[in-house]
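The values are calculated or read from the model by the stated rules, or taken from the named source; none is laboratory data. Treat the numbers as computed from the prediction; the structure is a model and nothing was measured. Cβ: placed from backbone, ideal geometry, glycine included. Neighbour counts: every protein chain shown. The protein model used for the area step is the full one, side chains on, heavy atoms only, and it has no ligands, DNA or RNA in it. Shrake-Rupley method; radii C 1.70, N 1.55, O 1.52, S 1.80 Å.
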Amino acid sequence: MRELRHDFRAVYGTSYDSVPTDEAIDLIKTLPDGSLYVCATEPLRSWTPERHRFADVVDAINHLTWAAYYNHDKVPYPPTTVRPADVAAREAQRKRRKRAIDKLNNTRWTEV
């Protein structure tokens, strides 16, 4: 609820409590990427488009620096900026791995 109150002030310039319920629902659905409520409910949308573009610029500068100044045989390719989708993919992979290990450990095996 705190996130909604803050976002309504920051994005729409109004109080959450002063908006009718049906209008508040519409406004909640159209909150921009990077707003506090969106970050809390949809982690994949936690970055604003500007932040994504900035990360693209940082990645490009790192790549250009690596390409211009380093021996490609000895220095590995620079890592890219970790983005929300990367974090979500890692978390999903971690959960799959844990389920697989649990299944292997809890399966009754018979001698062949």
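Each residue of region 50-58 in order: what ³J(HN,Hα) in whole Hz does its phi give by Karplus 6.51 cos²θ - 1.76 cosθ + 1.60, θ = phi - 60°, with x for Gly and Pro?
So the Karplus estimates, Gly and Pro as x, are 5, 5, 4, 5, 4, 5, 4, 5, 4 Hz.
What FRET efficiency do you get for VAL58 and ARG5 if R0 is 25 Å and r is their Cβ-Cβ distance, rounded to the nearest 0.05?
0.15
Quote the charge dipole size of the chain about the Cα centre in Debye, to the nearest 20; the model charges only the Cβ of Lys and Arg (+1) and of Asp and Glu (-1).
In debye, rounded to 20, the chain gives about 700.
At a 1.4 Å probe radius, which order do ASP86, ASP73 fall into by accessible area, largest first?
Output order, biggest surface exposure first: ASP73, ASP86.
What are the trypsin sites (Lys or Arg not before Pro) within region 45-112 that DSSP puts in a loop, where the Cβ has at most 16 other Cβ atoms within 10 Å?
Counting only loop positions with at most 16 other Cβ atoms within 10 Å, the trypsin sites (Lys or Arg not before Pro) in region 45-112 are LYS74, ARG108.
Using +1 at the Cβ of each Lys and Arg and -1 at the Cβ of each Asp and Glu in the chain, identify which of TYR12, ALA92, PRO43 lies farthest towards the dipole's positive end.
My answer, from the dipole projection, is ALA92.
How large is the helix-only mean residue ellipticity at 222 nm for the chain, computed as the sum of -39500 (n - 2.57) over DSSP H runs with n ≥ 4, divided by its residue count, in deg cm²/dmol to the nearest 500?
Calculated mean residue ellipticity at 222 nm is -18500 deg cm²/dmol.
In square angstrom, what is the accessible area per residue of the chain with a 1.4 angstrom probe?
Normalised by residue count, the accessible surface of the chain is 81 Å².
Students sometimes get this wrong: rank VAL112, VAL82, VAL38 by accessible area, probe 1.4 Å, all chains present, largest first.
Descending accessible area places them as VAL112, VAL82, VAL38.
Under 10 Å, Cα contacts only: if you run a Gaussian network model on the chain, which one of HIS72, HIS52, HIS63 comes out with the highest mean-square fluctuation?
HIS72
Among all the lysines, which ones have a C-alpha under 27 Å from LYS103's C-alpha, if same-chain residues fewer than 8 places away are not counted?
Partners found: LYS95.
Per residue of region 6-18, what does 6.51 cos²θ - 1.76 cosθ + 1.60 with θ = phi - 60° give for ³J(HN,Hα)? Whole Hz please, x for Gly and Pro, Karplus curve as stated.
Running phi through 6.51 cos²θ - 1.76 cosθ + 1.60 with θ = phi - 60° gives 5, 5, 5, 5, 6, 8, 9, x, 9, 8, 4, 6, 8 Hz.
Considering the chain as a Gaussian network with a 10 Å cut-off on Cα pairs, which listed residue, VAL75, VAL19, VAL58, attains the greatest mean-square fluctuation?
Judging by the Gaussian network model, the answer is VAL75.
How would the chain be classified by its alpha-carbon gyration tensor: rounded, prolate or oblate, with rounded meaning a/c under 1.5 and the a/b versus b/c comparison settling the rest?
oblate
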